[in-house]
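Data first, discussion second: the structure below is written as structure tokens.
The values are calculated or read from the model by the stated rules, or taken from the named source; none is laboratory data. The structure displayed is predicted, hence computed values, not measured ones. Note that each Cβ is placed from the backbone with ideal geometry, even for glycine, and that neighbours are counted across all protein chains shown.
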Protein chains: 6
Amino acid sequence: MFSVTVRDHMMVAHSFRGEVFGPAQQLHGATFLVDATFRRAEVDADGIVVDIALASEQLKEVVSQFNLRNLDDEPTLAGLNTTTEVLAKVIADRLAEQAKAGALGAGGRELAGITVTLHESHIAWASYERSL
Amino acid sequence: MFSVTVRDHMMVAHSFRGEVFGPAQQLHGATFLVDATFRRAEVDADGIVVDIALASEQLKEVVSQFNLRNLDDEPTLAGLNTTTEVLAKVIADRLAEQAKAGALGAGGRELAGITVTLHESHIAWASYERSL
Amino acid sequence: MFSVTVRDHMMVAHSFRGEVFGPAQQLHGATFLVDATFRRAEVDADGIVVDIALASEQLKEVVSQFNLRNLDDEPTLAGLNTTTEVLAKVIADRLAEQAKAGALGAGGRELAGITVTLHESHIAWASYERSL
Amino acid sequence: MFSVTVRDHMMVAHSFRGEVFGPAQQLHGATFLVDATFRRAEVDADGIVVDIALASEQLKEVVSQFNLRNLDDEPTLAGLNTTTEVLAKVIADRLAEQAKAGALGAGGRELAGITVTLHESHIAWASYERSL
Amino acid sequence: MFSVTVRDHMMVAHSFRGEVFGPAQQLHGATFLVDATFRRAEVDADGIVVDIALASEQLKEVVSQFNLRNLDDEPTLAGLNTTTEVLAKVIADRLAEQAKAGALGAGGRELAGITVTLHESHIAWASYERSL
Amino acid sequence: MFSVTVRDHMMVAHSFRGEVFGPAQQLHGATFLVDATFRRAEVDADGIVVDIALASEQLKEVVSQFNLRNLDDEPTLAGLNTTTEVLAKVIADRLAEQAKAGALGAGGRELAGITVTLHESHIAWASYERSL
């Protein structure tokens with residue numbers, strides 16, 4: 001199995017609902033380093049999993065839907081606690097839709113799966129892994 | 001599949017028994033960066049794999065059983081070569097016991113598995129992965 | 001010249017005033033890795049610049065004044081654009097006051113200077129360096 | 001499942017054939033950080049997956065076949081686009097051959113698999129994972 | 001003293017002339033992580049050293065003069081051994097010219113100095129520091 | 001001013017004398033990442049601060065005097081508390097002697113200074129900077 005990963009980041013405000021979050025129920029923020037991993041059984045005739053330029057572009061496209069915003073006000077995230085885990089899934093699912101829609105090129109339609117890892121600090125991160 | 005990882009560290013002395021270890025048979029030491037990854041099929045109603053505050057606390061609890069000590073003198077490690085691999089398993093197993101005992105909260109009982117990675121330097125690390 | 005550095009972090013919301021900031025004028029957030037460096041011409045009789053446990057504690061004390069908050073609402077930051085540069089100075093100045101007040105122990109009073117570096121992402125950081 | 005990873009690096013020139021690569025069709029270069037992960041179901045009687053000194057040595061042996069060279073001129077890579085993905089597979093396969101040939105010691109013959117990850121920059125990396 | 005640093009990277013081929021370089025006299029390559037640090041005695045009325053968006057843009061502008069090329073063929077580098085040290089100076093000097101020409105905004109003309117650090121691997125880097 | 005830095009590491013046991021160290025008075029250990037920075041006003045005719053191969057070799061030579069040992073038993077460290085600060089100075093001073101003795105080549109005799117930084121963990125490090 002092959003994989004390719006590209007990294008981008010986003011700087012967002014948000015707050016959580018639920019006693020388990022303690023002081024993180026207050027409005028605060030995070031820089032999320034966002035690593036998107038694209039998995040594929042074989043590389044194509046060019047020797048690649050996916051066009052890395054397209055992958056970076058598509059990741060930036062998704063990340064810029066959130067970057068420099070307050071996630072508490074994002075209509076597409078309404079009703080969600082935007083935890084690191086949940087955001088990893090939201091981003092992986094959007095990338096999966098783009099892959100299926102052809103935005104990652106022909107290679108994107110051959111992907112076996114996508115994993116998204118969000119680093120919220122140097123000591124905590126979360127991942128969501130899905131098949132395609 | 002979701003996962004959450006928290007990092008802590010410990011600074012220990014130890015030595016190894018066995019010719020394969022060469023000069024590492026002498027008493028020496030290591031800073032181990034300890035990454036504990038908790039895996040779960042779905043997040044809970046709060047949108048989390050496990051309470052990250054509890055996870056960090058429990059990891060610190062395990063790590064502090066070894067931190068600033070000579071592992072050659074630890075009764076609970078007697079008879080073990082405390083290699084990076086073996087320590088990864090010891091820590092993963094202790095975290096698994098804590099999860100089962102409820103120390104990670106209700107979410108801890110829903111975990112699919114735990115992986116512990118110990119970085120012994122910037123150029124070497126080891127992992128142990130187990131189910132729960 | 002000797003120095004010792006300890007790292008902590010804070011996760012905050014904030015917004016900027018001024019056209020130069022473009023979309024960062026909106027409420028957003030950041031994880032700041034906060035590195036506090038303590039400089040001293042000579043180490044003391046114990047061989048240290050400053051008690052590293054006290055240094056970590058005092059850094060945490062300062063960082064926790066901001067962690068998990070919206071900086072736009074902090075009275076002590078009123079009227080400031082809380083840029084990475086400005087926050088580095090605010091933190092360095094608070095640490096300097098603590099050092100002078102004895103909170104870093106006797107060694108803290110022998111410091112030549114303090115530098116604080118805030119990493120806002122993997123590709124951008126800022127520092128403020130001052131003498132004591 | 002246990003694993004041990006060692007890191008080395010290589011600094012190479014190369015170029016790609018195929019329109020998908022855009023300006024990377026020109027002769028350019030890369031520093032590849034090369035992480036070789038060795039997986040094994042159980043550790044041996046010494047408590048190790050594989051002799052880490054041998055593993056580092058063998059990785060260096062493979063990496064030095066490419067280090068400080070122009071990959072476009074390497075006979076053993078003729079006809080290949082030396083993408084990060086492809087190089088990860090080439091290195092993993094050579095390590096696998098060495099393991100089978102006994103160059104990693106007795107433990108090398110008990111390996112379940114090998115994963116090689118090549119970091120081409122701080123924002124892009126690729127992996128190849130295989131069984132043994 | 002304040003400073004702001006932004007990071008970009010470039011992937012280049014090159015070779016060195018001189019026996020001291022041993023096998024690096026052959027055509028090979030590198031990924032250089034390029035950190036550009038801008039120093040200034042005081043921040044401006046907006047609380048910044050320099051417009052970080054402009055700084056990132058100008059750094060990318062300089063780096064893209066080399067990225068994905070063979071430095072041995074660059075007319076502007078003719079006669080130079082493009083060592084990590086030398087490239088750090090070339091980039092710092094180009095950024096200094098841009099700052100003086102106003103490309104970093106009004107703040108760029110108030111800079112006290114620029115430092116450029118190039119990381120050629122995880123175990124080697126070089127810097128050039130100059131005043132303005 | 002130019003500088004070149006090379007990184008190596010060492011894994012040691014040690015203990016500290018003095019109440020300020022609390023539990024670190026017990027025998028424990030550390031992996032120290034050791035960064036040696038060589039500063040020089042100008043590069044030589046080859047475009048280098050110092051022969052990086054020699055620099056790496058000499059750093060390894062110094063580091064291997066401590067690697068895989070118990071520093072409490074090292075005669076050359078007798079009477080010293082081997083804190084991160086103190087070890088940084090010991091290593092810097094040994095490198096300075098080697099530079100003066102010609103072990104870094106002709107360039108080593110032109111150095112303006114040496115800085116050694118020891119990282120004891122991902123959240124703490126210390127430096128010693130000296131002129132030559």
Residue in the range D:116-124 that is free of Cβ contacts under 8 Å to residues at least 40 places away in the same chain, farther than 20 Å from D:His9 by Cβ, hydrophobic (A, V, I, L, M, F, W, C) and part of a loop (DSSP other than H, G, I, E, B) present: no
Output for the range D:111-132, where each listed residue is touching an Asp or Glu at 6+ places or on another chain (Cβ under 6 Å) and hydroxyl-bearing (Ser, Thr, Tyr): D:Thr115, D:Thr117
Test: residue in the range D:72-84 that is in contact with a Lys or Arg (Cβ under 9 Å, 6 or more places away or on another chain), within 14 Å of chain A (Cβ to nearest Cβ) and farther than 16 Å from D:His9 by Cβ: yes
Hits in the range E:113-130 - residues which are within 10 Å of another protein chain (Cβ to nearest Cβ) and β-branched (Val, Ile, Thr): E:Thr115, E:Thr117, E:Ile123
Which listed residue is of a type in the set (A, V, I, L, M, F, W, C), more than 13 Å from the chain's Cα centre (by Cα) and not in a loop (DSSP other than H, G, I, E, B), from C:Ala36, C:Ala53, C:Ala45: C:Ala53
Single residue of D:Gly107, D:Gly113 found to be modelled with pLDDT under 95 and not hydrophobic (A, V, I, L, M, F, W, C): D:Gly107
Selection from the range E:85-112 of residues that are small (Gly, Ala, Ser) and away from chain F (no Cβ under 13 Å): E:Ala96, E:Ala99, E:Ala101, E:Gly102, E:Ala103, E:Gly105, E:Ala106, E:Gly107, E:Gly108, E:Ala112
Any chance A:Val63 is in contact with a strand residue (DSSP E or B) (Cβ under 9 Å, 6 or more places away or on another chain) and within 20 Å of D:Ser15 (Cα to Cα): no
Single residue of B:Asp72, B:Asp93 found to be buried (at least 16 other Cβ atoms within 10 Å of the Cβ), in contact with a strand residue (DSSP E or B) (Cβ under 8 Å, 6 or more places away or on another chain) and of a type in the set (Asp, Glu): B:Asp72
Condition check for F:Val63: of a type in the set (Val, Ile, Thr) and closer than 26 Å to B:Gly22 by Cα: yes
Within the range D:70-90, tally of residues that are closer than 21 Å to A:Met1 by Cα and either touching a helix residue (DSSP H, G or I) at 6+ places or on another chain (Cβ under 6 Å) or assigned to a helix (DSSP H, G or I) (or both): 10
Residue within the range E:99-115 that is crowded, with 18+ Cβ neighbours inside 10 Å and over 15 Å from E:Val4 (Cα atoms) present: no
Restricting the range C:1-31 to residues that are out of contact with any Phe, Trp or Tyr (no Cβ under 7 Å at 6 or more places or on another chain) and closer than 25 Å to C:Val49 by Cα, the residue that is surrounded by the most Cβ atoms within 10 Å (Cβ to Cβ): C:Val6
Test: residue in the range B:91-101 that is more than 26 Å from F:Gln25 (Cα to Cα), small (Gly, Ala, Ser), in a loop (DSSP other than H, G, I, E, B) and in contact with a helix residue (DSSP H, G or I) (Cβ under 8 Å, 6 or more places away or on another chain): no
B:Gly107 being out of contact with any Pro (no Cβ under 7 Å at 6 or more places or on another chain) and either in a loop (DSSP other than H, G, I, E, B) or of a type in the set (S, T, N, Q) (or both): no
Yes/no for D:Gln58 being out of contact with any strand residue (DSSP E or B) (no Cβ under 8 Å at 6 or more places or on another chain) and within 14 Å of chain E (Cβ to nearest Cβ): no
Filtered residue count, the range C:56-69, keeping only those that are of a type in the set (Ser, Thr, Tyr) and either part of a loop (DSSP other than H, G, I, E, B) or touching a residue at least 60 places away in the same chain (Cβ under 8 Å) (or both): 1
Answer from A:Gln26, A:Gln65 - the residue that is in contact with a Leu (Cβ under 8 Å, 6 or more places away or on another chain) and over 17 Å from D:Ile123 (Cα atoms): A:Gln26
The range E:1-25 - residue that is among the charged types (D, E, K, R) and assigned to a strand (DSSP E or B) and, of those, farthest from the other protein chains (Cβ to nearest Cβ): E:Asp8
Those residues of the range C:3-25 which are closer than 20 Å to A:Leu27 by Cα, touching a residue at least 12 places away in the same chain (Cβ under 8 Å) and of a type in the set (Gly, Ala, Ser), in sequence order: C:Ala13, C:Ser15
Single unsatisfied condition, E:Gly79 versus (1) small (Gly, Ala, Ser); (2) more than 21 Å from F:Ile48 (Cβ to Cβ); (3) surrounded by fewer than 18 Cβ atoms within 10 Å (Cβ to Cβ): (2)
Any hit, the range D:70-87, residues being closer than 28 Å to B:Ala92 by Cβ and touching a residue at least 24 places away in the same chain (Cβ under 8 Å): no
Near pairs, Cβ below 7 angstrom, 6+ apart or cross-chain, from the range B:26-50 (within 14 Å of chain F (Cβ to nearest Cβ) and at negative phi) to any residue that is surrounded by fewer than 21 Cβ atoms within 10 Å (Cβ to Cβ) and of a type in the set (Gly, Ala, Ser): B:Gln26/B:Ser15; B:Leu27/B:Ser15; B:His28/B:Ser15; B:Thr31/F:Ser121
Odd one out for F:Leu59 among (1) under 30 Å from E:Glu129 (Cβ atoms); (2) in contact with a helix residue (DSSP H, G or I) (Cβ under 6 Å, 6 or more places away or on another chain); (3) crowded, with 19+ Cβ neighbours inside 10 Å: (2)
